[in-house]
2 protein chains.
Amino acid sequence: MQSRTPASRAGRPRDPAADAAILAATRQALVELGWSKLTLGDVATRAGVAKTTLYRRWAGKNELVVDAVAELFDELELPDRGSLADDIEGVVLQFAAILARPEAKSGLMAVVAEATRDDALRERIRSSIVERQMRLVLQGRARAQKRGELPPEPDPREAARTVDLIFDVVAGAVVHRTLVSGKAADEEWVRSFTRVLIGGLASSA
Amino acid sequence: MQSRTPASRAGRPRDPAADAAILAATRQALVELGWSKLTLGDVATRAGVAKTTLYRRWAGKNELVVDAVAELFDELELPDRGSLADDIEGVVLQFAAILARPEAKSGLMAVVAEATRDDALRERIRSSIVERQMRLVLQGRARAQKRGELPPEPDPREAARTVDLIFDVVAGAVVHRTLVSGKAADEEWVRSFTRVLIGGLASSA
DNA sequence: GCGTTTTCGCTACGACTCGTAGCGTAATGC
DNA sequence: GCATTACGCTACGAGTCGTAGCGAAAACGC
(Lines give C-alpha, C1' and ligand atoms only; values in the text may rest on other atoms or scores of the structure.)
Protein backbone atom coordinates (compact mmCIF):
# COMPACT_ATOMS: atom_id res chain seq x y z
CA MET A 1 0.00 0.00 0.00
CA GLN A 2 1.68 3.18 -1.17
CA SER A 3 0.57 6.65 -0.20
CA ARG A 4 -1.95 8.17 -2.57
CA THR A 5 -0.52 9.63 -5.74
CA PRO A 6 -0.41 13.45 -5.48
CA ALA A 7 -0.81 13.99 -9.21
CA SER A 8 2.90 13.59 -9.90
CA ARG A 9 5.15 12.86 -6.98
CA ALA A 10 8.50 14.11 -8.09
CA GLY A 11 10.55 14.80 -11.14
CA ARG A 12 9.55 16.22 -14.48
CA PRO A 13 5.87 15.71 -15.22
CA ARG A 14 4.67 14.12 -18.42
CA ASP A 15 3.65 16.47 -21.15
CA PRO A 16 -0.15 16.27 -21.32
CA ALA A 17 -0.20 17.60 -24.85
CA ALA A 18 1.84 14.63 -26.00
CA ASP A 19 -0.99 12.23 -25.16
CA ALA A 20 -3.45 14.10 -27.34
CA ALA A 21 -0.93 14.42 -30.16
CA ILE A 22 -0.13 10.72 -30.05
CA LEU A 23 -3.77 9.65 -30.07
CA ALA A 24 -4.57 12.00 -32.94
CA ALA A 25 -1.56 10.71 -34.84
CA THR A 26 -2.73 7.15 -34.21
CA ARG A 27 -6.13 7.89 -35.72
CA GLN A 28 -4.55 9.57 -38.71
CA ALA A 29 -2.29 6.57 -39.24
CA LEU A 30 -5.30 4.25 -38.99
CA VAL A 31 -6.98 6.18 -41.77
CA GLU A 32 -3.97 6.22 -44.06
CA LEU A 33 -2.43 2.84 -43.33
CA GLY A 34 -4.99 0.69 -41.55
CA TRP A 35 -4.33 -1.55 -38.59
CA SER A 36 -1.86 -4.04 -39.97
CA LYS A 37 0.50 -1.52 -41.55
CA LEU A 38 0.41 0.88 -38.64
CA THR A 39 3.75 1.00 -36.84
CA LEU A 40 4.54 2.66 -33.55
CA GLY A 41 7.60 4.27 -35.02
CA ASP A 42 5.47 5.95 -37.64
CA VAL A 43 2.96 7.15 -35.06
CA ALA A 44 5.76 8.62 -32.96
CA THR A 45 7.11 10.51 -35.96
CA ARG A 46 3.66 11.85 -36.84
CA ALA A 47 3.10 12.98 -33.26
CA GLY A 48 6.49 14.65 -33.05
CA VAL A 49 7.69 12.57 -30.13
CA ALA A 50 10.36 9.93 -29.72
CA LYS A 51 9.45 6.28 -30.06
CA THR A 52 10.64 5.63 -26.53
CA THR A 53 8.15 8.17 -25.17
CA LEU A 54 5.37 6.21 -26.77
CA TYR A 55 6.52 2.97 -25.18
CA ARG A 56 6.73 4.63 -21.78
CA ARG A 57 3.01 5.44 -21.89
CA TRP A 58 1.46 2.49 -23.67
CA ALA A 59 2.26 -1.18 -23.46
CA GLY A 60 1.86 -1.70 -27.18
CA LYS A 61 -0.12 -1.21 -30.34
CA ASN A 62 -3.31 -2.76 -28.99
CA GLU A 63 -3.65 -0.52 -25.96
CA LEU A 64 -2.77 2.58 -27.95
CA VAL A 65 -5.42 1.96 -30.59
CA VAL A 66 -8.07 1.20 -27.98
CA ASP A 67 -7.50 4.59 -26.40
CA ALA A 68 -7.39 6.33 -29.76
CA VAL A 69 -10.67 4.79 -30.87
CA ALA A 70 -12.36 5.24 -27.50
CA GLU A 71 -12.17 9.00 -27.86
CA LEU A 72 -14.35 8.76 -30.94
CA PHE A 73 -17.24 7.53 -28.83
CA ASP A 74 -17.10 10.46 -26.43
CA GLU A 75 -19.60 12.37 -28.50
CA LEU A 76 -22.35 9.78 -28.08
CA GLU A 77 -25.40 11.26 -26.36
CA LEU A 78 -29.04 10.44 -25.91
CA PRO A 79 -31.17 13.54 -26.27
CA ASP A 80 -34.81 13.10 -25.30
CA ARG A 81 -36.78 13.02 -28.55
CA GLY A 82 -40.10 12.22 -26.95
CA SER A 83 -40.55 8.56 -27.77
CA LEU A 84 -38.63 5.33 -27.48
CA ALA A 85 -38.60 4.86 -31.23
CA ASP A 86 -37.17 8.31 -31.85
CA ASP A 87 -34.64 7.92 -29.05
CA ILE A 88 -33.38 4.66 -30.50
CA GLU A 89 -33.27 6.02 -34.03
CA GLY A 90 -31.26 8.99 -32.88
CA VAL A 91 -28.62 7.11 -30.97
CA VAL A 92 -28.30 4.39 -33.59
CA LEU A 93 -27.70 7.01 -36.25
CA GLN A 94 -25.00 8.58 -34.08
CA PHE A 95 -23.40 5.21 -33.53
CA ALA A 96 -23.53 4.48 -37.25
CA ALA A 97 -21.95 7.83 -38.06
CA ILE A 98 -18.98 7.06 -35.82
CA LEU A 99 -18.57 3.57 -37.24
CA ALA A 100 -18.61 4.97 -40.76
CA ARG A 101 -15.35 6.77 -40.11
CA PRO A 102 -12.39 4.80 -41.41
CA GLU A 103 -10.32 5.12 -38.23
CA ALA A 104 -13.15 3.50 -36.27
CA LYS A 105 -13.78 0.76 -38.81
CA SER A 106 -10.29 -0.60 -39.09
CA GLY A 107 -9.26 0.11 -35.53
CA LEU A 108 -12.21 -1.19 -33.56
CA MET A 109 -12.58 -4.56 -35.21
CA ALA A 110 -8.86 -5.20 -35.05
CA VAL A 111 -8.61 -4.66 -31.32
CA VAL A 112 -11.72 -6.75 -30.76
CA ALA A 113 -10.03 -9.53 -32.68
CA GLU A 114 -6.90 -9.17 -30.58
CA ALA A 115 -8.97 -9.12 -27.41
CA THR A 116 -10.13 -12.67 -28.04
CA ARG A 117 -6.69 -13.76 -26.82
CA ASP A 118 -6.03 -11.05 -24.24
CA ASP A 119 -8.32 -10.68 -21.25
CA ALA A 120 -6.71 -7.46 -20.06
CA LEU A 121 -7.28 -5.90 -23.47
CA ARG A 122 -10.89 -7.03 -23.49
CA GLU A 123 -11.42 -5.40 -20.12
CA ARG A 124 -9.83 -2.22 -21.40
CA ILE A 125 -12.22 -2.18 -24.34
CA ARG A 126 -15.16 -2.88 -22.09
CA SER A 127 -14.43 -0.10 -19.64
CA SER A 128 -13.39 2.56 -22.11
CA ILE A 129 -15.72 1.92 -25.05
CA VAL A 130 -18.56 -0.47 -24.28
CA GLU A 131 -19.37 1.04 -20.91
CA ARG A 132 -20.40 4.39 -22.40
CA GLN A 133 -22.61 2.76 -24.99
CA MET A 134 -24.22 0.60 -22.33
CA ARG A 135 -25.14 3.65 -20.27
CA LEU A 136 -27.20 4.97 -23.17
CA VAL A 137 -29.19 1.75 -23.29
CA LEU A 138 -29.94 1.95 -19.58
CA GLN A 139 -30.89 5.60 -19.90
CA GLY A 140 -33.19 4.96 -22.84
CA ARG A 141 -34.84 2.07 -21.10
CA ALA A 142 -35.52 4.10 -17.96
CA ARG A 143 -37.03 6.89 -20.03
CA ALA A 144 -39.28 4.51 -21.93
CA GLN A 145 -40.51 2.95 -18.70
CA LYS A 146 -41.26 6.39 -17.31
CA ARG A 147 -43.29 7.12 -20.43
CA GLY A 148 -45.09 3.79 -20.13
CA GLU A 149 -43.67 2.50 -23.42
CA LEU A 150 -41.95 -0.39 -21.71
CA PRO A 151 -43.22 -2.31 -18.68
CA PRO A 152 -41.22 -1.93 -15.44
CA GLU A 153 -39.05 -4.91 -14.68
CA PRO A 154 -39.22 -5.97 -11.03
CA ASP A 155 -36.54 -8.66 -11.19
CA PRO A 156 -33.13 -6.96 -11.43
CA ARG A 157 -31.43 -10.05 -12.83
CA GLU A 158 -33.99 -10.35 -15.58
CA ALA A 159 -33.64 -6.63 -16.26
CA ALA A 160 -29.86 -6.98 -16.60
CA ARG A 161 -30.27 -9.84 -19.04
CA THR A 162 -32.69 -7.83 -21.14
CA VAL A 163 -30.38 -4.83 -21.25
CA ASP A 164 -27.49 -7.05 -22.31
CA LEU A 165 -29.63 -8.55 -25.04
CA ILE A 166 -30.76 -5.18 -26.36
CA PHE A 167 -27.21 -3.92 -26.35
CA ASP A 168 -25.87 -6.87 -28.30
CA VAL A 169 -28.68 -6.63 -30.82
CA VAL A 170 -28.32 -2.89 -31.41
CA ALA A 171 -24.56 -2.62 -31.47
CA GLY A 172 -24.14 -5.93 -33.27
CA ALA A 173 -26.60 -5.12 -36.02
CA VAL A 174 -25.06 -1.73 -36.75
CA VAL A 175 -21.53 -3.12 -36.73
CA HIS A 176 -22.45 -6.04 -38.95
CA ARG A 177 -24.33 -3.83 -41.38
CA THR A 178 -21.45 -1.38 -41.63
CA LEU A 179 -18.43 -3.64 -41.58
CA VAL A 180 -19.47 -7.06 -42.86
CA SER A 181 -22.28 -6.25 -45.24
CA GLY A 182 -20.42 -3.10 -46.20
CA LYS A 183 -23.54 -0.99 -46.56
CA ALA A 184 -24.39 2.27 -44.86
CA ALA A 185 -26.67 2.24 -41.83
CA ASP A 186 -28.68 5.13 -43.24
CA GLU A 187 -31.99 6.56 -42.06
CA GLU A 188 -34.10 4.11 -43.98
CA TRP A 189 -32.28 1.13 -42.56
CA VAL A 190 -32.30 2.51 -39.03
CA ARG A 191 -36.03 3.10 -39.24
CA SER A 192 -36.70 -0.47 -40.31
CA PHE A 193 -34.40 -1.79 -37.65
CA THR A 194 -35.99 0.29 -34.92
CA ARG A 195 -39.44 -0.91 -35.93
CA VAL A 196 -38.38 -4.54 -35.60
CA LEU A 197 -36.60 -3.98 -32.30
CA ILE A 198 -39.45 -2.13 -30.64
CA GLY A 199 -41.98 -4.63 -31.89
CA GLY A 200 -39.88 -7.45 -30.52
CA LEU A 201 -39.45 -5.84 -27.14
CA ALA A 202 -43.15 -5.09 -26.82
CA SER A 203 -44.26 -8.58 -27.81
CA SER A 204 -41.74 -10.42 -25.68
CA ALA A 205 -42.67 -8.61 -22.49
CA MET B 1 -9.71 -15.93 -75.03
CA GLN B 2 -7.71 -18.99 -74.13
CA SER B 3 -8.95 -22.54 -74.50
CA ARG B 4 -10.76 -23.85 -71.44
CA THR B 5 -8.51 -25.10 -68.68
CA PRO B 6 -8.41 -28.91 -68.82
CA ALA B 7 -7.82 -29.28 -65.09
CA SER B 8 -4.06 -28.87 -65.41
CA ARG B 9 -2.66 -28.18 -68.80
CA ALA B 10 0.88 -29.37 -68.54
CA GLY B 11 3.61 -29.86 -66.02
CA ARG B 12 3.49 -31.25 -62.54
CA PRO B 13 0.10 -30.74 -60.90
CA ARG B 14 -0.28 -29.10 -57.54
CA ASP B 15 -0.57 -31.42 -54.60
CA PRO B 16 -4.22 -31.18 -53.49
CA ALA B 17 -3.36 -32.50 -50.04
CA ALA B 18 -1.12 -29.51 -49.48
CA ASP B 19 -4.07 -27.12 -49.58
CA ALA B 20 -5.86 -29.01 -46.84
CA ALA B 21 -2.71 -29.30 -44.76
CA ILE B 22 -1.98 -25.58 -45.08
CA LEU B 23 -5.51 -24.53 -44.13
CA ALA B 24 -5.52 -26.89 -41.15
CA ALA B 25 -2.14 -25.57 -40.07
CA THR B 26 -3.46 -22.03 -40.39
CA ARG B 27 -6.35 -22.78 -38.05
CA GLN B 28 -4.03 -24.44 -35.58
CA ALA B 29 -1.73 -21.43 -35.65
CA LEU B 30 -4.71 -19.12 -35.12
CA VAL B 31 -5.59 -21.07 -31.99
CA GLU B 32 -2.09 -21.07 -30.56
CA LEU B 33 -0.82 -17.68 -31.66
CA GLY B 34 -3.77 -15.57 -32.70
CA TRP B 35 -3.91 -13.34 -35.75
CA SER B 36 -1.18 -10.84 -35.06
CA LYS B 37 1.52 -13.34 -34.14
CA LEU B 38 0.68 -15.73 -36.94
CA THR B 39 3.44 -15.83 -39.54
CA LEU B 40 3.37 -17.51 -42.93
CA GLY B 41 6.73 -19.10 -42.29
CA ASP B 42 5.36 -20.78 -39.20
CA VAL B 43 2.26 -22.00 -41.03
CA ALA B 44 4.43 -23.48 -43.77
CA THR B 45 6.52 -25.36 -41.23
CA ARG B 46 3.43 -26.71 -39.50
CA ALA B 47 1.96 -27.85 -42.79
CA GLY B 48 5.18 -29.51 -43.84
CA VAL B 49 5.59 -27.42 -46.99
CA ALA B 50 8.06 -24.79 -48.07
CA LYS B 51 7.25 -21.15 -47.50
CA THR B 52 7.51 -20.51 -51.22
CA THR B 53 4.77 -23.05 -51.91
CA LEU B 54 2.46 -21.09 -49.67
CA TYR B 55 3.17 -17.84 -51.49
CA ARG B 56 2.50 -19.52 -54.82
CA ARG B 57 -1.06 -20.33 -53.78
CA TRP B 58 -2.12 -17.38 -51.66
CA ALA B 59 -1.42 -13.71 -52.08
CA GLY B 60 -0.88 -13.14 -48.38
CA LYS B 61 -1.98 -13.66 -44.80
CA ASN B 62 -5.41 -12.13 -45.30
CA GLU B 63 -6.50 -14.39 -48.14
CA LEU B 64 -5.11 -17.46 -46.43
CA VAL B 65 -6.99 -16.85 -43.20
CA VAL B 66 -10.23 -16.12 -45.02
CA ASP B 67 -10.08 -19.50 -46.72
CA ALA B 68 -9.09 -21.25 -43.48
CA VAL B 69 -11.97 -19.71 -41.56
CA ALA B 70 -14.47 -20.19 -44.38
CA GLU B 71 -14.18 -23.95 -44.09
CA LEU B 72 -15.48 -23.73 -40.53
CA PHE B 73 -18.83 -22.53 -41.82
CA ASP B 74 -19.29 -25.46 -44.17
CA GLU B 75 -21.12 -27.40 -41.49
CA LEU B 76 -23.92 -24.83 -41.18
CA GLU B 77 -27.29 -26.35 -42.04
CA LEU B 78 -30.93 -25.55 -41.50
CA PRO B 79 -32.87 -28.72 -40.61
CA ASP B 80 -36.64 -28.31 -40.58
CA ARG B 81 -37.67 -28.26 -36.93
CA GLY B 82 -41.31 -27.49 -37.59
CA SER B 83 -41.57 -23.83 -36.66
CA LEU B 84 -39.83 -20.56 -37.46
CA ALA B 85 -38.81 -20.10 -33.85
CA ASP B 86 -37.24 -23.54 -33.64
CA ASP B 87 -35.53 -23.11 -37.00
CA ILE B 88 -33.97 -19.83 -35.91
CA GLU B 89 -32.92 -21.19 -32.54
CA GLY B 90 -31.27 -24.15 -34.18
CA VAL B 91 -29.24 -22.23 -36.72
CA VAL B 92 -28.27 -19.50 -34.28
CA LEU B 93 -26.96 -22.12 -31.88
CA GLN B 94 -24.92 -23.66 -34.68
CA PHE B 95 -23.55 -20.26 -35.62
CA ALA B 96 -22.70 -19.53 -32.01
CA ALA B 97 -20.94 -22.87 -31.65
CA ILE B 98 -18.68 -22.06 -34.59
CA LEU B 99 -17.95 -18.57 -33.32
CA ALA B 100 -17.04 -19.97 -29.92
CA ARG B 101 -14.06 -21.74 -31.41
CA PRO B 102 -10.87 -19.72 -30.95
CA GLU B 103 -9.73 -20.03 -34.56
CA ALA B 104 -12.98 -18.44 -35.69
CA LYS B 105 -12.95 -15.71 -33.07
CA SER B 106 -9.51 -14.32 -33.73
CA GLY B 107 -9.46 -15.04 -37.43
CA LEU B 108 -12.82 -13.76 -38.55
CA MET B 109 -12.76 -10.37 -36.87
CA ALA B 110 -9.22 -9.72 -37.99
CA VAL B 111 -9.95 -10.26 -41.65
CA VAL B 112 -13.13 -8.19 -41.38
CA ALA B 113 -11.00 -5.39 -39.96
CA GLU B 114 -8.53 -5.74 -42.82
CA ALA B 115 -11.36 -5.82 -45.33
CA THR B 116 -12.34 -2.26 -44.41
CA ARG B 117 -9.35 -1.16 -46.47
CA ASP B 118 -9.34 -3.86 -49.16
CA ASP B 119 -12.34 -4.25 -51.45
CA ALA B 120 -11.07 -7.47 -53.01
CA LEU B 121 -10.70 -9.02 -49.58
CA ARG B 122 -14.19 -7.92 -48.62
CA GLU B 123 -15.58 -9.56 -51.73
CA ARG B 124 -13.69 -12.74 -50.92
CA ILE B 125 -15.23 -12.78 -47.45
CA ARG B 126 -18.66 -12.10 -48.87
CA SER B 127 -18.57 -14.89 -51.42
CA SER B 128 -16.89 -17.54 -49.29
CA ILE B 129 -18.39 -16.90 -45.86
CA VAL B 130 -21.35 -14.55 -45.84
CA GLU B 131 -23.00 -16.07 -48.88
CA ARG B 132 -23.58 -19.42 -47.17
CA GLN B 133 -25.04 -17.81 -44.09
CA MET B 134 -27.32 -15.67 -46.22
CA ARG B 135 -28.72 -18.74 -47.95
CA LEU B 136 -29.94 -20.06 -44.62
CA VAL B 137 -31.86 -16.87 -43.97
CA LEU B 138 -33.56 -17.09 -47.36
CA GLN B 139 -34.34 -20.75 -46.81
CA GLY B 140 -35.80 -20.15 -43.36
CA ARG B 141 -37.90 -17.28 -44.62
CA ALA B 142 -39.34 -19.34 -47.46
CA ARG B 143 -40.21 -22.12 -45.07
CA ALA B 144 -41.92 -19.77 -42.64
CA GLN B 145 -43.98 -18.24 -45.43
CA LYS B 146 -45.03 -21.71 -46.57
CA ARG B 147 -46.14 -22.47 -43.01
CA GLY B 148 -48.00 -19.16 -42.86
CA GLU B 149 -45.82 -17.83 -40.05
CA LEU B 150 -44.65 -14.92 -42.16
CA PRO B 151 -46.68 -13.04 -44.75
CA PRO B 152 -45.58 -13.40 -48.39
CA GLU B 153 -43.72 -10.40 -49.71
CA PRO B 154 -44.84 -9.36 -53.19
CA ASP B 155 -42.25 -6.64 -53.72
CA PRO B 156 -38.88 -8.28 -54.38
CA ARG B 157 -36.92 -5.17 -53.47
CA GLU B 158 -38.66 -4.88 -50.15
CA ALA B 159 -38.08 -8.60 -49.59
CA ALA B 160 -34.37 -8.21 -50.24
CA ARG B 161 -34.16 -5.34 -47.78
CA THR B 162 -35.90 -7.37 -45.11
CA VAL B 163 -33.61 -10.33 -45.63
CA ASP B 164 -30.58 -8.06 -45.36
CA LEU B 165 -31.95 -6.60 -42.16
CA ILE B 166 -32.63 -9.98 -40.59
CA PHE B 167 -29.22 -11.19 -41.54
CA ASP B 168 -27.43 -8.23 -40.01
CA VAL B 169 -29.47 -8.49 -36.83
CA VAL B 170 -28.94 -12.21 -36.36
CA ALA B 171 -25.29 -12.44 -37.29
CA GLY B 172 -24.45 -9.13 -35.67
CA ALA B 173 -26.08 -9.97 -32.37
CA VAL B 174 -24.37 -13.34 -32.08
CA VAL B 175 -21.00 -11.91 -33.03
CA HIS B 176 -21.33 -9.00 -30.63
CA ARG B 177 -22.47 -11.23 -27.79
CA THR B 178 -19.61 -13.65 -28.33
CA LEU B 179 -16.72 -11.35 -29.17
CA VAL B 180 -17.44 -7.96 -27.64
CA SER B 181 -19.50 -8.79 -24.59
CA GLY B 182 -17.42 -11.91 -24.18
CA LYS B 183 -20.31 -14.06 -23.01
CA ALA B 184 -21.54 -17.34 -24.45
CA ALA B 185 -24.54 -17.34 -26.75
CA ASP B 186 -26.08 -20.23 -24.87
CA GLU B 187 -29.56 -21.71 -25.15
CA GLU B 188 -31.11 -19.28 -22.73
CA TRP B 189 -29.76 -16.27 -24.58
CA VAL B 190 -30.70 -17.67 -27.97
CA ARG B 191 -34.25 -18.30 -26.78
CA SER B 192 -34.64 -14.73 -25.57
CA PHE B 193 -33.13 -13.38 -28.75
CA THR B 194 -35.37 -15.48 -30.96
CA ARG B 195 -38.45 -14.34 -29.07
CA VAL B 196 -37.55 -10.69 -29.65
CA LEU B 197 -36.70 -11.23 -33.30
CA ILE B 198 -39.86 -13.11 -34.18
CA GLY B 199 -42.00 -10.64 -32.29
CA GLY B 200 -40.36 -7.82 -34.17
CA LEU B 201 -40.82 -9.41 -37.55
CA ALA B 202 -44.45 -10.20 -36.89
CA SER B 203 -45.32 -6.73 -35.61
CA SER B 204 -43.47 -4.85 -38.34
CA ALA B 205 -45.18 -6.72 -41.16
C1' DG C 1 12.33 -43.00 -74.10
C1' DC C 2 12.70 -37.62 -74.38
C1' DG C 3 11.96 -32.88 -74.16
C1' DT C 4 8.72 -29.52 -72.13
C1' DT C 5 6.34 -27.59 -68.50
C1' DT C 6 5.06 -26.71 -63.94
C1' DT C 7 5.54 -27.60 -59.05
C1' DC C 8 8.29 -28.40 -55.05
C1' DG C 9 11.82 -27.94 -51.31
C1' DC C 10 15.65 -25.52 -50.01
C1' DT C 11 18.80 -21.60 -49.20
C1' DA C 12 19.92 -16.95 -49.21
C1' DC C 13 18.99 -12.24 -49.41
C1' DG C 14 17.96 -6.94 -48.46
C1' DA C 15 14.50 -4.34 -46.25
C1' DC C 16 11.81 -3.44 -42.58
C1' DT C 17 9.81 -3.45 -37.77
C1' DC C 18 10.21 -4.71 -33.15
C1' DG C 19 11.10 -3.54 -28.25
C1' DT C 20 15.00 -2.22 -25.31
C1' DA C 21 19.23 -0.07 -23.52
C1' DG C 22 22.19 3.70 -22.90
C1' DC C 23 23.20 8.52 -22.67
C1' DG C 24 22.90 13.42 -22.05
C1' DT C 25 19.50 17.01 -21.21
C1' DA C 26 15.19 19.31 -19.48
C1' DA C 27 11.81 20.12 -15.95
C1' DT C 28 9.75 19.49 -11.61
C1' DG C 29 9.65 18.93 -5.98
C1' DC C 30 12.23 19.12 -1.61
C1' DG D 1 21.68 22.38 -4.93
C1' DC D 2 19.92 17.62 -5.22
C1' DA D 3 17.06 13.76 -6.27
C1' DT D 4 13.78 12.26 -9.43
C1' DT D 5 11.38 11.63 -13.48
C1' DA D 6 10.45 12.63 -18.51
C1' DC D 7 12.35 13.42 -22.93
C1' DG D 8 14.91 13.01 -27.45
C1' DC D 9 18.22 10.57 -29.72
C1' DT D 10 21.07 6.67 -31.28
C1' DA D 11 22.15 2.01 -31.68
C1' DC D 12 21.30 -2.71 -31.29
C1' DG D 13 20.00 -7.99 -31.84
C1' DA D 14 16.11 -10.49 -33.08
C1' DG D 15 12.56 -11.58 -35.96
C1' DT D 16 9.60 -11.33 -40.19
C1' DC D 17 8.75 -10.05 -44.80
C1' DG D 18 8.39 -11.34 -49.74
C1' DT D 19 11.42 -12.72 -53.55
C1' DA D 20 15.07 -14.93 -56.32
C1' DG D 21 17.72 -18.76 -57.71
C1' DC D 22 18.74 -23.53 -57.88
C1' DG D 23 18.22 -28.61 -58.72
C1' DA D 24 14.96 -32.36 -58.41
C1' DA D 25 10.31 -34.36 -59.06
C1' DA D 26 6.05 -35.23 -61.58
C1' DA D 27 2.85 -34.61 -65.06
C1' DC D 28 2.14 -33.91 -70.37
C1' DG D 29 2.77 -34.70 -75.89
C1' DC D 30 5.67 -36.75 -79.17
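Scanning segment A:13-48 for residues that are charged (D, E, K, R) and in a loop (DSSP other than H, G, I, E, B) gives A:Arg14, A:Asp15. For first residues located in segment A:53-70 and part of a loop (DSSP other than H, G, I, E, B), partners that are modelled with pLDDT of 95 or more and lie 6+ apart or on another chain with Cβ distances below 6 Å form the pairs A:Trp58/A:Leu64. If you go through segment A:50-60 and keep only what is surrounded by fewer than 19 Cβ atoms within 10 Å (Cβ to Cβ) and either within 23 Å of the chain's Cα centre (by Cα) or not hydroxyl-bearing (Ser, Thr, Tyr) (or both), you end up with A:Ala50, A:Lys51, A:Arg56, A:Arg57, A:Ala59, A:Gly60. When segment A:35-58 is limited to residues that are of a type outside the set (Val, Ile, Thr) and within 14 Å of chain B (Cβ to nearest Cβ), the one that is farthest from B:Ser106 (Cα to Cα) turns out to be A:Leu40.
Of all residues being within 15 Å of DNA strand D (Cβ to nearest atom) and among the basic types (Lys, Arg) in segment A:12-34, which is farthest from the other protein chains (Cβ to nearest Cβ)? Just the residue, please. The residue in question is A:Arg12.
Could you go through segment B:137-144 and let me know if any residue there is in contact with a Ser or Thr (Cβ under 7 Å, 6 or more places away or on another chain) and surrounded by 16 or more Cβ atoms within 10 Å (Cβ to Cβ). No, there is no match, as no residue in segment B:137-144 is in contact with a Ser or Thr (Cβ under 7 Å, 6 or more places away or on another chain) and surrounded by 16 or more Cβ atoms within 10 Å (Cβ to Cβ). Please indicate, with yes or no, whether at least one residue in segment A:176-184 is crowded, with 23+ Cβ neighbours inside 10 Å and part of a loop (DSSP other than H, G, I, E, B). Taking every residue of segment A:176-184 in turn, none turns out to be crowded, with 23+ Cβ neighbours inside 10 Å and part of a loop (DSSP other than H, G, I, E, B).
Every condition in (1) in contact with an Asp or Glu (Cβ under 8 Å, 6 or more places away or on another chain); (2) not in a loop (DSSP other than H, G, I, E, B) is met by B:Lys146 except one, and the failing one is (1). The lone criterion from (1) facing chain A (nearest Cβ under 8 Å); (2) more than 21 Å from the chain's Cα centre (by Cα) left unmet by B:Ala113 is number (2). In segment B:20-28, the count of residues that are within 14 Å of DNA strand C (Cβ to nearest atom) and either modelled with pLDDT under 95 or of a type in the set (Val, Ile, Thr) (or both) is one or more. Quick one: would you say B:Asp80 is away from DNA strand D (no atom under 16 Å from the Cβ), away from every other protein chain (no Cβ under 14 Å) and not aromatic (Phe, Trp, Tyr)? Taking the combined requirement at face value, the residue satisfies it.
Please state which one of A:Arg135, A:Arg126, A:Arg117 is assigned to a loop (DSSP other than H, G, I, E, B) and either among the aliphatic types (A, V, I, L, M) or free of Cβ contacts under 8 Å to residues at least 40 places away in the same chain (or both). It would help to see each step written out before you state the result.
Numbers: A:Arg135 fails: assigned to a loop (DSSP other than H, G, I, E, B); A:Arg126 fails: assigned to a loop (DSSP other than H, G, I, E, B).
Going through A:Arg135, A:Arg126, A:Arg117 in turn, just one is assigned to a loop (DSSP other than H, G, I, E, B) and either among the aliphatic types (A, V, I, L, M) or free of Cβ contacts under 8 Å to residues at least 40 places away in the same chain (or both): A:Arg117.
Scanning segment A:162-185 for residues that are in contact (Cβ under 8 Å) with a residue 40 or more places away in the chain and over 18 Å from B:Leu179 (Cα atoms), we see that the one that is nearest to the other protein chains (Cβ to nearest Cβ) is A:Ala185.
The values are calculated or read from the model by the stated rules, or taken from the named source; none is laboratory data. Model, not experiment: these values are computed from the prediction. We place every Cβ from the backbone using ideal geometry, glycine too, and count neighbours over all the protein chains shown.
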